[in-house]
Structure formats: structure tokens, C-alpha cells
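Right, one structure below, let's go through it.
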């Protein structure tokens, strides 16, 4: 849990170290659930760092522990992260199959645990406009009814990305504002970064390409590289190159 917390404070490599330490300690005492969570933490951080082969290895370890423990609600989360790896590899149809499986599991085990996160990824990967709209609508409805906090972080981050990809600038701001409002009592650097990135790229996409916007994009790019947000660099690089 310390490592998951540090993840949202922009110390991604430290989260990998925490995950590895948790796995080692858990194995010494036979605490399978703690070991599983350590494996999941490593997947979180390694995907963000772009170390996909290592992430997939930890994902397989986590899934084996899920099956051994019978902790099926974690299977939906594991499948979502495996889908995230497939997205990064460009294997989008495989990613969508994994996410649809994760959604079915979430419906059986409780959508409040990771349902919105699954749905935002479906919206991110699908090319079906109606499926995208339904996924975002369903995810927002679950958040309104109450869900575990990480869903608010990830759903809004992904929904910002979906909106950037389709040039829906109004929705970029809506989801950025939703994430900002949710974290206002206790701001988190991870959330602040994705709020600022969404707004900066939306401004650029709308043609606001003055010195202030470009300086903001450069700062965000430097922060992303410094903190290990390797998967979000391409959009920032593309904007700066176009400028």
C-alpha cells in the first residue's frame, strides 16, 4: 500500500522497488495476497515506465496467485492491465477482448471495485463510436453511485485521453474538472499532471499555440520523463514537433 501511494506521488521507479520488496517479504512468510498485490504494483509501475516485458511477467505471476486464492475480482483488474500492455504493443483487438472479459467478471464480482477503470479502457481502445459512448456513460454512472477511489483517478485520466484522441475539447475539460474536483481536498501529483496535460494538449489542439502553451507543454514533457510517465510522451512530443 505504501508503494501504491508513492505511485500517485510521481515516484514510479520507487513503486517498482516497493513492489519487489513486498513480493520478497510476502514469500518469506507465505502471505499470498500480499504477494499478489506486490505483483500488481509492479505491473502498474512497469507499464507506466514502458517496460512491457517485465510488466507482463509480473502480470502472469499476479494472475497465477489470483487463481490460487480464488480472488476473482482481482482477475478483472489483472486483465485490464494486461490489456493496457496490449494497447501499448498496438494489439488493440486483443486488448478489447481482454477488457470485455474483465467487464463480465466485474459485473459478477462488483462494479464498484474496478468497473469504471475497465470501462474507460474499453472507451480508449474501441473504434465503435456507440460502444465508446456507452462505456463512458456507464463508467460515470458507477462513479456517481460510489466506487473505490482509484476508479476516479483512472477513469478520468483515460476519459481525458479518449477525448483528446477524438478532438472533443469540451469533454477534455469536463473530465479534467471532474478529476480536479474529486482530488481537491487532497491533491495528488499524479492527478495534477494528467489534469494539466489534458488541458495543455486541448489548448494546443484548438490552435492556442502561443509561448505560454508551448512552455507548458515543455514543462509537462520534462516532468513526464523525470517521473517515468513514458507511455504519455508521444502525444506531448507530437505537439511540440508540430509547433
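For every residue, the table says whether it meets (1) at positive phi; (2) free of Cβ contacts under 8 Å to residues at least 12 places away in the same chain; (3) not in a loop (DSSP other than H, G, I, E, B).
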residue	(1), (2), (3)
118	no, no, yes
123	no, no, yes
130	no, yes, yes
134	no, yes, yes
139	no, no, yes
147	no, no, no
152	no, no, yes
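Would you mind stating whether residue 237 is under 23 Å from residue 135 (Cα atoms) and at pLDDT 95 or above?
It is false that residue 237 is under 23 Å from residue 135 (Cα atoms) and at pLDDT 95 or above.
Kindly evaluate residue 101 against the criterion of being part of a helix (DSSP H, G or I) and either assigned by TED's automatic domain parsing to the domain that holds residue 192 or modelled with pLDDT under 95 (or both). Quick ask: steps written out before the conclusion?
Working: part of a helix (DSSP H, G or I): yes; either assigned by TED's automatic domain parsing to the domain that holds residue 192 or modelled with pLDDT under 95 (or both): no.
No, not satisfied.
Per-residue answers, yes or no, for (1) surrounded by fewer than 22 Cβ atoms within 10 Å (Cβ to Cβ); (2) in the same structural domain as residue 125 (by TED's automatic domain parsing); (3) closer than 15 Å to residue 121 by Cβ:
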residue: 140; (1), (2), (3): yes, yes, yes
residue: 162; (1), (2), (3): no, no, yes
residue: 171; (1), (2), (3): yes, no, no
residue: 179; (1), (2), (3): no, no, no
residue: 189; (1), (2), (3): yes, no, no
residue: 192; (1), (2), (3): yes, no, no
residue: 196; (1), (2), (3): yes, no, no
residue: 200; (1), (2), (3): no, no, no
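The values are calculated or read from the model by the stated rules, or taken from the named source; none is laboratory data. Worth saying up front: this structure is predicted, and the values here are computed from it rather than measured. Counting neighbours? That spans all protein chains shown, and the Cβs are built from the backbone with ideal geometry, glycine included.
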